Amino acid sequence: MEREQHELYEYARKRIKQKKGLYFHFVLLFLVSLFIFVSTKIFNFSPDANWYIWLITVWLFLFILHFIKVYITDRFMNKNWEREQIDRLVALQQKKIAELETHIIEDTSKQEQQL
């Protein structure tokens, strides 16, 4: 039972670390975007070009990818999902091995009957 509790603790710690990184990413995105926007408008730094909008848009897209990874992908593809997939693949392999063994037994019995 102790091993299961340790795995649950490690999973919870990993999830908290992921969420903390996502929240930090959001705050950094917000503050830097605000700073870039305000400094561009106040100091009239290249007023004809809207480069800062492209920069913020690309960064927002990266943040959305980070959000999807933390809240969608990693939430459903966790340790339990991995175990289920491993168990399913092991069961398939065992089934194939059993089928091969029955084929071998059938072939040897046929050969014995022919002799």
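With Phe63, Phe24, Phe67, Phe35 as the choices, which residue is within 30 Å of Glu4 (Cβ to Cβ) and not basic (Lys, Arg)? Answer to the selection: Phe67. Here the condition is being open to solvent by 100 Å² or more (accessible area, probe 1.4 Å) and either part of a helix (DSSP H, G or I) or within 30 Å of Trp81 (Cβ to Cβ) (or both); of Lys19, Lys41, it holds for Lys41 alone. Consider segment 52-81. How many of its residues are part of a helix (DSSP H, G or I) and open to solvent by 60 Å² or more (accessible area, probe 1.4 Å)? Total meeting the criteria: 19. Report yes if Val90 is part of a helix (DSSP H, G or I) and either touching a helix residue (DSSP H, G or I) at 6+ places or on another chain (Cβ under 9 Å) or under 30 Å from Ser33 (Cα atoms) (or both), otherwise no. Here the answer is no, as Val90 does not meet what is asked.
The values are calculated or read from the model by the stated rules, or taken from the named source; none is laboratory data. Nothing here was measured: the structure is a model prediction, and the numbers come from that model. All Cβ positions, even for glycine, are placed from backbone atoms using ideal geometry, and neighbour counts span all protein chains on display. Heavy atoms of the whole protein, side chains included, go into the accessibility calculation; ligands, DNA and RNA do not. Shrake-Rupley method; radii C 1.70, N 1.55, O 1.52, S 1.80 Å.
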